[in-house]
Amino acid sequence: MEANKMEDRGSNALKTHMAGCQKLDIRQTRRGWCQELLGCEALTEFKYFMGNDQVFHSIEEASCCCRFCCSPVHPYKMTVKELNTDAELVTIDRPMSCMPCGCKCCCYQVASFTSDGTTLGSIKEDYWYCVPSFKIFDSNGEPMYKLHQPTCCGGVCVNCCAEGNPCGKGCCKASFRVYPADQQQTNGDAPFVGSILRKPKSVATELFTDAQAFEVDFPENSSADQKGILMGTTIFINTNFFEAAK
């Protein structure tokens, strides 16, 4: 099934805002200095921007006990809502999972995405070694996209220099690239249709907080629902890789 043939099933708010959107900035809200100092596991909150304008917001729904004892593998839900009206765009549902490790031979991460109770799709972790990889599925369970970090050495290693010199303009950047599900070659300089880029914020934010910032480039001609899925995928990626690294 071609990625651009998926029928829109999401809410009116999702269709209204995402139909013409090609790039979205997602910024995690910084915690207060007291929370940072004490290492409190506060609920994760995000703001979503198109250009300089905030359009959405979301806050994690998870029990304090689970978050404190099991983060970042705790179960949670997070609903992205329209600013001011709280109209739902997409809800991310991530169940409890096993602790991450260097290779995935027995434990896998999954999440599902809905909009106003209607299933949009899901993301499931592939079996991998060294390079984390995922498949994104549509509402019918058909593969839609592949997702993994840029690679080198024939696909064996993550390419840490893909976004630039880590000691220069690539500092604090990490990306996951989006490929069509039917694309066979996705390693090295293989063409990709979209990306999720973890980018640096201010020096003070990087040094003294754990707040993250992401830039999502959506595939050309992708539907509003597909963009909603990739928006939810960004939150999923943050939980599994960047909250885990706090």
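The values are calculated or read from the model by the stated rules, or taken from the named source; none is laboratory data. In this text the structure is predicted, and so the values were computed from the model without any measurement. Note that we place each Cβ from the backbone using ideal geometry, even for glycine, and neighbour counts take in every protein chain shown.
Observations, loosely collected:
- Selection of segment 84-125 for residues being outside any strand (DSSP E or B), modelled with pLDDT under 80 and not hydroxyl-bearing (Ser, Thr, Tyr) yields Met96, Cys98, Met99, Pro100, Cys101, Gly102, Cys105, Cys106, Cys107, Gln109.
- Only one of the listed residues (Glu163, Glu220, Glu215) is part of a loop (DSSP other than H, G, I, E, B) and within 21 Å of Met18 (Cβ to Cβ). That residue is Glu220.
- Looking only at residues in segment 159-176 that are touching a Lys or Arg at 6+ places or on another chain (Cβ under 9 Å) and of a type in the set (A, V, I, L, M, F, W, C), the one that is modelled with the highest pLDDT is Phe176.
- Among residues of segment 26-68, those that are modelled with pLDDT of 75 or more and either in a strand (DSSP E or B) or over 18 Å from Asn238 (Cβ atoms) (or both), counted: 23
- Scoring Val131 on the criteria (1) over 17 Å from the mean Cα position of the chain (by Cα); (2) farther than 25 Å from Asp225 by Cα; (3) modelled with pLDDT under 95 leaves a single failure, condition (1).
- Under the condition of being in contact with a Cys (Cβ under 7 Å, 6 or more places away or on another chain) and in a strand (DSSP E or B), the residues counted in segment 138-157 number 2.
- Of all residues making up segment 162-188, the number that are closer than 25 Å to Glu220 by Cα and among the hydrophobic types (A, V, I, L, M, F, W, C): 5
- Residue-level check: of (1) of a type in the set (D, E, K, R); (2) within 18 Å of the chain's Cα centre (by Cα); (3) over 19 Å from Gln212 (Cβ atoms), Glu60 misses just (3).
- Subset tally (residues that are surrounded by 19 or more Cβ atoms within 10 Å (Cβ to Cβ) and either among the β-branched types (Val, Ile, Thr) or outside any loop (DSSP other than H, G, I, E, B) (or both)) for segment 69-78: 3
- Residue check, Cys172 in a loop (DSSP other than H, G, I, E, B) and farther than 22 Å from Thr233 by Cβ: no
- Residue in segment 178-200 that is surrounded by fewer than 21 Cβ atoms within 10 Å (Cβ to Cβ), at pLDDT below 90, out of contact with any Pro (no Cβ under 8 Å at 6 or more places or on another chain) and more than 30 Å from Ala87 (Cβ to Cβ) present: yes
- Within segment 173-185, residues that are in contact (Cβ under 8 Å) with a residue 24 or more places away in the chain and of a type in the set (Lys, Arg) sit with their Cβ atoms under 7 Å from residues that are crowded, with 16+ Cβ neighbours inside 10 Å and part of a strand (DSSP E or B), at 6+ positions apart or across chains, in these pairs: Lys173/Leu197; Lys173/Arg198; Arg177/His148; Arg177/Ser195.
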